[in-house]
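Below: one structure, written as structure tokens.
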Amino acid sequence: MTRRTRDFAVLVLTTGTVMLILALTGSLGLIEALTAMFVIGAIAAAYYVGSAAMQLPAPAKPLEASRREGMALADFLSALPLPAFEVSRDEQRITSFNQPAAVFLRLGQRRSAPPRASAIIRAPALLAAIETCFNAAGLGSAEIEMEIGPEEQWRAHIHPIPGSGNLMVVLEDLTPVKRAARARADFLANASHELRTPLTAISGFIETMRGPAREDKESWDRFLSIMAGETERMSRLIADLLSLSRIESAEHVQPTAREHFGDIVMSSVDALQPLASEKGVELVFDEPEALPAVTANRDELIQVVENLVSNAIKYSKGGHKVTIRCGVAADAFAARTEAAQAWPDSERMTLLQTSNRVAINEPTVWMRVEDQGPGIEREHLPRLGERFYRADQSRGGKITGTGLGLAIVKHIMAHHRGGLAVETVMGQGTAFGVWLPAARENQGV
């Protein structure tokens, strides 16, 4: 029995009892008592019906408010750049989500009912954390890290949504951060190893010359020659490390000088001609008729050309040919095709994508350096450009070098809003291609 019904019954019974007592005692006539009871009953009935009509719209208010809250939450989720979704308390269903969450959870738009979280989420740690938050007094919050596959790591932020009893889950991709930390650790380990190796060799020969070979003057020349080679190797490594550090520190500052790309390539090829002749390798430069100017740091582009051409010479044998080609394309995509997609049956890999800041249909200058060496095995391609990584075993045995040349090229091209790609055919050769946007008419003047 509701409160209104109880009040109505009390009023009618009380009034009827009073009228009945008055009629029995003779204080009020029977007709007057019945009339009074009828009038008071009509008033009570009118009040009862009227009070019910006043309370009818009440349930509509929470429904409308709930609808508005749902729309506000959907707008909020859509504005978030991170994957985010809502999990309901009853049956733990994913009731709303944004586009990044749909991609992450592989949620389609056509569903008859909100899916259960346990049927969609494949991370047991996240499901356990959601369950723990629902079971906590007054809804709890949590923050966990989880692995999604062998290379991906994510952080989940779980918080209650005020007034709804549901949970909000926001996902943060930690993969780039973890990858950078791992790369930093690998860099330090590799750098210390690369420096320790020549130092150990030099130290060993010094001990030999001081001890067992003290009187063997004839062997000193050989020992000194080896020590000089190790010293050169250490000097090159330190120079490359300093160069890489300098390029990285200035990578956010765009070049402003206007340079002629053809002249840069020509002067670099001429400088490497003695190295090629010493090894019996023919350098061929297919000089284009005309190339537009580029906005660039001249010394850095010279370093790019010299690193790529010297690498091609290094992995070539006597009698082989190293070919350098340049040109201009309508845009970056066409430039990549010209620079690194010339062989129909090659294995290809883009090591550096063109910057998003380059305009569509912006003329792009490209260069291609191809050799006739042994080629590079496919599994090595994704790691080209990493610091200290060398695919020597796939390119004909042990080759001396610091392993920083391609890393330097990659950072320089990123500095110039350009790209870097490679294609290779085992037994035929390897080609590296670079490209960068041509200077605009009012740029670099």
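Structural size metrics of region 80-173, computed from C-alpha coordinates, are Rg and Dmax of 12.5, 39 Å.
Quick check: net charge around Val434, other residues with Cβ under 14 Å of its Cβ, Lys/Arg +1 and Asp/Glu -1?
Working: positive: Arg325, Arg336, Arg368, Lys410, Arg417; negative: Glu300, Glu306, Glu338, Glu370, Glu423.
Local charge sum for Val434: 0.
Each label was represented as a point 7 Å from its Cα along the Cα-to-Cβ direction; for His252 and Ala239 these points are 3.0 nm apart.
Available extension along the chain between Ala137 and Arg196 is 15.4 nm, counting 0.36 nm per residue and deducting the alpha carbon span. Listing Ser112, Ser219, Ser243 from fewest to most neighbouring C-beta atoms within 10 Å gives Ser112, Ser219, Ser243. With a Förster radius of 35 Å applied to the beta-carbon distance between Glu287 and Glu362, the computed FRET efficiency rounds to 0.90. Site pair Leu11 and Leu224 shows an inter-label distance of 12.2 nm when each label is modelled 7 Å from Cα along Cα→Cβ. Close Lys pairs in region 254-437 (alpha-carbon distance under 22 Å; sequence gap of 8 or more, or different chains): 8. Applying a DSSP loop filter and a limit of 15 other Cβ atoms within 10 Å to the GluC sites (Glu not before Pro) in region 171-259 leaves Glu215, Glu251. Most tightly packed first, judged by the mean number of other beta-carbon atoms within 10 Å of their residues, the peptides 321-333, 156-168 read 321-333, 156-168. Using Cβ point charges alone (K and R +1, D and E -1), the dipole size of region 177-247 about the Cα centre works out to roughly 600 debye. In terms of other Cβ atoms within 10 Å, Ile412, Ile43 run from fewest to most in the order Ile43, Ile412.
Since every read-out is calculated from the coordinates, none of them should be taken as a lab result. None of the values given here were measured: they were computed from a predicted structure. Glycine gets a Cβ as well: all are built from the backbone with ideal geometry, and neighbour counts include every protein chain shown.
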